[in-house]
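K.L.:
The structure is given below, and queries will be raised subsequently.
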Amino acid sequence: MPAFRTLSISLLEAAPLTGAKAVAVVDELPRNTMGKLQKAELRVTYAGKFEGE
């Protein structure tokens, strides 16, 4: 399933109070050698970028 399709479905199915405050579109996500997403690196990279919007 394409990423934009998944995003649109998840935004439509979410309750109004739990909707996304912002969306960042990136070319590639940081992954380790096992292919797992490195969430800690994402938190550091995008810390403060969506505050106050």
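K.L.:
Highest mean first, how do 25-35, 39-49 rank when packing is the count of other Cβ atoms within 10 Å averaged over residues?
P.N.:
For the peptides 25-35, 39-49, the packing ranking is 39-49, 25-35.
K.L.:
Same structure again: For Gln38, list long-range residues whose amide hydrogen, built 1.01 Å from N in the peptide plane, is under 5 Å from its own amide hydrogen.
P.N.:
Arg31, Asn32
K.L.:
Can you work out ³J(HN,Hα) from phi for every residue in the stretch 30-46, in order, using Karplus 6.51 cos²θ - 1.76 cosθ + 1.60 and θ = phi - 60°, giving whole Hz and x for Gly and Pro?
P.N.:
Working through the residues one at a time gives x, 10, 8, 5, 8, x, 7, 5, 9, 5, 4, 5, 4, 4, 5, 4, 9 Hz.
K.L.:
Right, something else. Could you work out how far apart the two model spin labels at Asn32 and Val44 are, taking each label as a point 7 Å from the Cα in the direction of the beta carbon, and quote it in nm?
P.N.:
With each label placed 7 Å out from Cα toward Cβ, I get 1.4 nm.
Any read-out appearing in this document is the output of simple, stated calculations on the displayed coordinates, not a laboratory observation. For clarity, every value in this text was computed on a predicted model and none was experimentally measured. Heads up, the Cβs are rebuilt from the backbone with ideal geometry, glycines too, and the neighbour counts pull from every protein chain shown.
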